[in-house]
Structures are given as structure tokens and as C-alpha cells.
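Here's the structure we're looking at; comments come further down.
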Amino acid sequence: MLALIDQKKLEEAFQLLEEGKETFRSLEGKLGVSRSTLNGWYLSRLEGKIEERRKTLAEIEAKIKELEGFEREYAAKKASLEQKIKSLKEEVERPR
């Protein structure tokens, strides 16, 4: 049945539904599909959006972990360089 309705038209209808400009009852008449069918399609659409957002969140979390790794690496190198600088300053300040 989903193939009988243009996907773009259905997306536009669901957008209006989300904006509060339409109801399932009004869409039922406009699209010629029962409210229960529209509700099922809408829930399926929402589940798809949730899954997309979960994937995006997982990608963001992975990038954050990668950045945290870089941060630890930077901190370790910074500490090492600061120690070398301190050592060199002490060497320069030592009387000859």
C-alpha cells in the first residue's frame, strides 16, 4: 500500500502532522488511507529517525573518544617537553 502513495507526498503530510497543522483524521481523508495505517507508517518513520540519530550519536561518541586520546597524548608530550625545558634551564643556570 505504501507504494501507492508518493513517498514525497507522505513525508510532506507527516511534516504537517509534526507541525500541528494536520491530524491523522485530516490526513486520512486527504490521502485516502486509514488512520491506523498512517499511524503505523508514522511510527515506522519515527523508528527510522531514532535509528539514524543513534548511529550519529555513536559516531560522535567515537570521535570524542578519539579526541580524548589525542588530548592524553598531547598532555604527555607537553609534560615531557616541560621537563626537558626545566632540565635545560637548570643546566644553563649552573655555574661553569
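The values are calculated or read from the model by the stated rules, or taken from the named source; none is laboratory data. The structure displayed is predicted, hence computed values, not measured ones. Ideal geometry is used to build each Cβ from the backbone, glycine not excepted, and the neighbour counts take in all protein chains shown.
Answer yes if at least one residue in the stretch 25-37 is in contact (Cβ under 8 Å) with a residue 12 or more places away in the chain and touching a Lys or Arg at 6+ places or on another chain (Cβ under 6 Å), and no otherwise. Scanning the stretch 25-37, I find no residue that is in contact (Cβ under 8 Å) with a residue 12 or more places away in the chain and touching a Lys or Arg at 6+ places or on another chain (Cβ under 6 Å), so the answer is no.
Residues in the stretch 17-35 that are surrounded by 11 or more Cβ atoms within 10 Å (Cβ to Cβ) and part of a loop (DSSP other than H, G, I, E, B): Glu22, Thr23, Val33, Ser34. Does Phe70 satisfy the condition of being on the phi < 0 side of the Ramachandran plot, surrounded by 11 or more Cβ atoms within 10 Å (Cβ to Cβ) and part of a helix (DSSP H, G or I)? The answer is no for Phe70.
Residues that are of a type in the set (Gly, Ala, Ser) and closer than 30 Å to Lys9 by Cα within the stretch 39-81 comprise Gly40, Ser44, Gly48, listed in sequence order.
Yes or no: Leu10 surrounded by 12 or more Cβ atoms within 10 Å (Cβ to Cβ), within 28 Å of the chain's Cα centre (by Cα) and modelled with pLDDT under 95? Outline the logic, then answer.
On the way: surrounded by 12 or more Cβ atoms within 10 Å (Cβ to Cβ): yes; within 28 Å of the chain's Cα centre (by Cα): yes; modelled with pLDDT under 95: yes.
Yes: the conditions hold for Leu10.
Can you say whether Arg96 is out of contact with any Cys (no Cβ under 8 Å at 6 or more places or on another chain), outside any helix (DSSP H, G or I) and either modelled with pLDDT under 95 or within 30 Å of Glu19 (Cβ to Cβ) (or both), as far as the supplied structure shows? Yes; evaluated as a whole, the condition is true for this residue.
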